[in-house]
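S.K.: Handing you this structure, nothing more for now.
The values are calculated or read from the model by the stated rules, or taken from the named source; none is laboratory data. Computed from a predicted structure; not experimentally measured. Positions of Cβ are backbone-derived with ideal geometry, glycine not excepted, and every protein chain shown enters the neighbour counts.
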Amino acid sequence: MADKVPVKATFSGTDVNGLAEFTTSDTVGVAQGGTGATTAAAARSNLGVSGIFNYDAQGTMKTIVVTVGSKTSGHPNSGGSSNAYYLDGIEAPFLNLTQGTYRFTQSDGTNGGHPFAFYLDDAKGTAFTTGVTTNGTAGTSGAYTQIVVDDTTPFTLSYQCTQHAFMGSYVHVGGTTTILGQTIDSDSNTITNIVNADIKSNANIALSKLAGGTANRALETSGTGALQVSAVTTTELAVLDGGTTVGTTAVADGHGLVMNQGGTMAQTKVETLAAYLDDEITAMPNLVTTAATTVGALNSGSITSGFGNINNGSSTITTTGGISGGTLTSTGNIVVSDGGNIGSASDTDAISIAANGNVSLTQNLSVTGDLTVSGTTTTVNSTVMTVVDPIMTLQTASGGGALSSDSNKDVGLAMQYFSGTAKTAFLGYDDSAGKLTFIPEASISSEVVSGTVGTIVANLEGTIQTAAQGNITSLGTLTGLTIANGGNIGSAGDTDAIAIDSSGNVTISQNLTVQGTTTTQDSETLTVSAHLIEVNTGLSGANNNDSGLVIERGSTGDNAIFMWDESADKFQVGTTTATSSSTGNLTVTTGTLVANIEGNLTGTIQTAAQTNITSLGTLTALTVDNVAIDGANIGHTSDTDLMTLASGILTVNGEISVTTLDIGGTNVGSTAAELNLLDGSAKSTSSITIDDADAFIIIDGTTTKQIPASNIKTYAGGGITVQEEGSSLSTAGTTLNFVGDTVTATGSGATKTITVADESLINAIIFG
């Protein structure tokens with residue numbers, strides 16, 4: 001085997017330990033130190049690898065069959081689940097994929113409970129879903145996981161079960177870069193992730209290919225050891241390197257300084273450095289002078305900006321002039337003389353403080369924080385008071401908290417006005433009544449309000465409750481009105497015209513008139529006690545509209561209708577597209593009415609079971625299944641008893657004229673003339689020659705049949721022997737005895753002449 005630069009592998013001659021890169025021409029001895037290997041599977045087991053599959057979709061979709069079986073010693077991951085994925089029959093092979101589409105089918109039943117998925121690592125820390133689609137449930141027909149490999153796909157992935165650990169192996173894209181014994185072609189790919197890989201010492205990495213890389217950026221490692229682009233620019237690195245270019249950026253609060261903190265470069269604010277320098281200057285004895293520490297007045301000169309803080313201890317700073325400049329901060333009290341002022345340079349008396357502490361503001365007061373007034377009275381004399389807060393809270397506990405007990409005081413607004421005399425109106429909460437109240441002429445004593453309730457003019461929503469309400473003369477729009485259970489609504493002359501019980505049932509004791517254009521009744525059951533319902537009430541003049549009942553059928557089909565057809569002057573039943581708002585002559589498709597009918601009918605009568613039709617007009621056609629006649633006769637207007645009925649007998653008192661006649665399931669084909677021959681009343685006067693094919697009618701037992709004439713000849717035999725007075729003329733043939741006056745025999749010897757005077761023989765043959 002040719003020498004290779006191993007990845008986590010060592011070589012000794014032709015032996016290799018660890019993972020290494022091999023080409024198709026390399027050979028590996030798998031029998032050294034073992035029992036040998038006769039199959040590829042045994043060879044992989046001896047090597048401790050599952051195999052390397054090189055798949056090239058070549059622009060089409062490549063299908064790989066996935067099954068699940070028991071994990072063997074040849075699996076690349078010995079831990080985790082005892083099961084393993086088998087791809088095209090190979091246990092957990094390393095996959096080397098080129099760009100294309102790969103479908104891993106999981107239709108085989110062994111895949112049940114083992115969904116196939118891709119991850120950035122074999123421990124399934126991060127799932128990879130870009131270009132990955134799934135279909136169906138693992139273990140069922142049509143189930144698969146599909147990945148589209150392109151130049152954005154990470155060149156190292158792992159395929160694993162979403163439910164169990166370490167069933168699969170690795171997936172690499174490409175074929176020239178060796179990582180963990182797998183060959184990856186990354187020449188045309190953007191490498192987004194390198195995991196557990198050793199980069200050869202002579203490898204070149206184009207930093208422009210790194211995701212997120214921009215010009216003039218440094219590289220760094222992440223907390224997991226991954227190579228990533230730093231936010232540090234090359235210009236910033238040049239400063240750390242001791243660049244000679246010095247800027248003129250002004251130092252300000254919030255700026256940072258870089259310093260060496262015990263061997264670690266760190267950044268701190270300039271304010272931190274200033275505090276440090278201040279402490280160090282104070283501790284420098286050579287800087288402290290007698291003049292700087294002398295106790296007394298500062299009679300001349302000025303303290304300029306940047307001097308720092310002046311700590312005067314418990315002493316007083318007194319000035320007859322003004323104090324101007326920046327912020328004045330005091331941890332103690334600021335006291336002005338009685339009647340003194342506090343103001344600005346342009347308005348020196350904006351705040352005036354009297355000797356008793358009363359404060360007067362001559363200008364606007366803006367408070368950005370909380371304002372607490374602890375006195376007994378707060379008076380606002382401004383023309384306009386604006387409150388930004390949407391909710392004003394009255395009567396809080398001390399400190400602004402909630403009350404812990406009833407104060408027994410009314411809470412609200414007291415509004416003073418003049419109407420003949422000075423008066424006070426109150427709008428607020430009546431503590432004793434527990435209600436919001438309005439008293440236009442209120443008396444207030446110890447913060448308890450009394451007086452007569454007044455009138456509020458407003459649009460109201462909600463429930464109106466009153467102990468005694470004689471009359472409501474005018475209302476706006478009511479969205480709801482609730483009365484007591486069993487209460488009534490009425491007029492002065494009929495106070496209980498409308499009664500409403502506790503269940504909400506409404507009883508109207510007087511007439512109800514609805515004058516709108518539409519009345520909608522949404523109850524499930526409508527009960528009407530009136531014996532007549534009138535429509536078109538109040539109609540005057542001619543009616544041009546059909547009237548009736550329309551039944552909405554929804555998506556089932558057109559509406560059903562029962563109506564009076566005004567133009568036809570008839571009732572009509574059927575279906576229509578008309579609605580209750582339709583007018584004029586309606587279009588109706590005639591339907592079926594199932595009912596017992598009396599009177600004249602137009603159309604077709606259809607009924608599954610009709611027990612009795614007592615009276616009809618003239619029927620042009622009638623089709624029935626069964627007819628029962630409650631009487632003896634069926635006839636014609638001119639012959640009412642043409643047919644007489646009795647139990648089991650139909651007597652026709654006249655002629656029957658039929659086209660065909662069927663008796664017992666057999667069609668009677670004889671003509672009337674042929675049937676008359678059986679009557680014997682019409683003898684033929686013509687003679688015919690009887691042939692063998694001609695037929696005779698005989699009675700076979702009790703059944704009348706037709707037989708050919710040849711049967712008669714066969715029955716009669718070969719001849720006739722006439723026997724006279726007991727003497728035989730011949731012993732051959734059949735002996736016939738002729739009895740009667742109509743049969744005579746003449747002749748002598750072997751020849752005899754038999755004469756039949758009438759039809760006796762024929763009658764015997766036909767009628768028996």
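S.K.: Got a number for residues in segment 580-626 being modelled with pLDDT of 65 or more, assigned to a loop (DSSP other than H, G, I, E, B) and touching an Asp or Glu at 6+ places or on another chain (Cβ under 8 Å)?
M.R.: So the count comes out to 4.
S.K.: When you go through Asp565, Asp546 one by one, which is the residue that is charged (D, E, K, R) and under 45 Å from the mean Cα position of the chain (by Cα)?
M.R.: Asp546
S.K.: Could you list all residues from segment 400-425 that are over 25 Å from Thr372 (Cβ atoms) and assigned to a strand (DSSP E or B)?
M.R.: Met415, Gln416, Tyr417, Phe418, Ser419, Thr421, Ala422, Lys423, Thr424, Ala425
S.K.: Taking the residues in segment 643-668 that are among the hydrophobic types (A, V, I, L, M, F, W, C), over 12 Å from Ala632 (Cβ atoms) and assigned to a strand (DSSP E or B) as candidates, determine which candidate is modelled with the highest pLDDT.
M.R.: Among those that are among the hydrophobic types (A, V, I, L, M, F, W, C), over 12 Å from Ala632 (Cβ atoms) and assigned to a strand (DSSP E or B), it is Val652.
S.K.: Those residues that are assigned to a strand (DSSP E or B) and either touching a strand residue (DSSP E or B) at 6+ places or on another chain (Cβ under 6 Å) or surrounded by 14 or more Cβ atoms within 10 Å (Cβ to Cβ) (or both), I need them from segment 426-435; list them, please.
M.R.: Correct list: Phe426, Leu427, Gly428, Tyr429, Asp430.
S.K.: Restricting to segment 536-565, count the residues that are surrounded by 10 or more Cβ atoms within 10 Å (Cβ to Cβ), under 24 Å from Ala595 (Cα atoms) and at pLDDT below 90.
M.R.: Selection size over segment 536-565: 0.
S.K.: So which residues in segment 316-358 are surrounded by 10 or more Cβ atoms within 10 Å (Cβ to Cβ) and of a type in the set (A, V, I, L, M, F, W, C)?
M.R.: Of everything in segment 316-358, those that are surrounded by 10 or more Cβ atoms within 10 Å (Cβ to Cβ) and of a type in the set (A, V, I, L, M, F, W, C) turn out to be Val336, Ile342, Ala350, Ile351, Ile353, Ala354.
Condition check ((1) at pLDDT 80 or above; (2) assigned to a loop (DSSP other than H, G, I, E, B); (3) closer than 30 Å to Leu365 by Cβ) across all residues:
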site	(1), (2), (3)
Ala292	no, no, no
Ile303	no, yes, no
Gly306	no, yes, no
Gly322	no, yes, yes
Thr327	no, yes, yes
Thr331	no, yes, yes
Thr348	yes, yes, yes
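S.K.: What do you reckon, is Ala250 farther than 30 Å from Thr329 by Cα, at pLDDT 75 or above and not basic (Lys, Arg)?
M.R.: No; evaluated as a whole, the condition is false for this residue.
S.K.: Another question about this same structure. Residues that are without any contact (Cβ under 8 Å) to a residue 60 or more places away in the chain, among the polar types (S, T, N, Q) and surrounded by fewer than 18 Cβ atoms within 10 Å (Cβ to Cβ): list the strands (runs of 3 or more DSSP E) wholly contained in segment 79-163 that include at least 3 such residues.
M.R.: 132-135
S.K.: Taking segment 440-457 as the search range and keeping residues that are closer than 16 Å to Thr421 by Cβ and surrounded by 13 or more Cβ atoms within 10 Å (Cβ to Cβ), which one is nearest to the chain's Cα centre (by Cα)?
M.R.: For segment 440-457, the residue satisfying everything is Pro440.
S.K.: Now for a separate question. Within segment 59-102, restricting attention to residues that are of a type in the set (A, V, I, L, M) and under 38 Å from the mean Cα position of the chain (by Cα), which residue is farthest from Thr133 (Cα to Cα)?
M.R.: The extreme case among them is Val68.
S.K.: Suppose we filter segment 86-103 for residues that are touching a helix residue (DSSP H, G or I) at 6+ places or on another chain (Cβ under 9 Å) and either under 18 Å from Thr162 (Cβ atoms) or β-branched (Val, Ile, Thr) (or both); how many remain?
M.R.: Result for segment 86-103: 2.
S.K.: Please enumerate the residues belonging to segment 366-416 that are in contact with a strand residue (DSSP E or B) (Cβ under 9 Å, 6 or more places away or on another chain) and surrounded by 10 or more Cβ atoms within 10 Å (Cβ to Cβ).
M.R.: If the condition is that a residue be in contact with a strand residue (DSSP E or B) (Cβ under 9 Å, 6 or more places away or on another chain) and surrounded by 10 or more Cβ atoms within 10 Å (Cβ to Cβ), then Gln395, Asn408, Lys409, Asp410, Val411, Gly412, Leu413, Ala414, Met415 are the ones that fit.
S.K.: Any residue at all in segment 55-76 that is more than 19 Å from Ala127 (Cα to Cα), among the aromatic types (Phe, Trp, Tyr) and either at pLDDT 95 or above or touching a strand residue (DSSP E or B) at 6+ places or on another chain (Cβ under 8 Å) (or both)?
M.R.: Scanning segment 55-76, I find at least one residue that is more than 19 Å from Ala127 (Cα to Cα), among the aromatic types (Phe, Trp, Tyr) and either at pLDDT 95 or above or touching a strand residue (DSSP E or B) at 6+ places or on another chain (Cβ under 8 Å) (or both), so the answer is yes.
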